[in-house]
Amino acid sequence: MAKHVGPMTAIRAIESLVDDDFMEDIAMRESVLRGRNREMARRLRMIYRFSHSVNIDHPCYRVHTDWRRQTRERAELAAEPELGGS
């Protein structure tokens, strides 16, 4: 049976993949990216913002209230049923 992974363990794992340096590299190249590559960069940026803003271990946690608000709003929109659905 698989062991449950807690939320902070998952956040730390995400941050090990999309850390500050990686996102700086993406930002420097994003202006030349096109199509799906540009969309992937945008999605990676959203994942980074989420993981970085909710990690209470970061000394900058308190300054990312806007990122947490945006994440909450995105989650609320995703949870809404589609209009005009069955």
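Tabulated results
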| read-out | value |
| --- | --- |
| Count of segment 12-50 residues which are among the charged types (D, E, K, R) and within 20 Å of His64 (Cα to Cα) | 10 |
| Tally of residues being β-branched (Val, Ile, Thr) and either in contact with a Cys (Cβ under 7 Å, 6 or more places away or on another chain) or surrounded by 11 or more Cβ atoms within 10 Å (Cβ to Cβ) (or both) across segment 25-43 | 1 |
| Boolean, Phe22 is out of contact with any helix residue (DSSP H, G or I) (no Cβ under 7 Å at 6 or more places or on another chain) and surrounded by 11 or more Cβ atoms within 10 Å (Cβ to Cβ) | yes |
| Within segment 44-71, considering residues that are surrounded by fewer than 10 Cβ atoms within 10 Å (Cβ to Cβ) and under 19 Å from Ile14 (Cβ atoms), the one farthest from the chain's Cα centre (by Cα) | Pro59 |
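Read-outs throughout are calculated quantities, based only on the coordinates presented, and are distinct from any laboratory measurement. Keep in mind the model is a prediction, meaning the values are calculated, not measured. We place every Cβ from the backbone using ideal geometry, glycine too, and count neighbours over all the protein chains shown.
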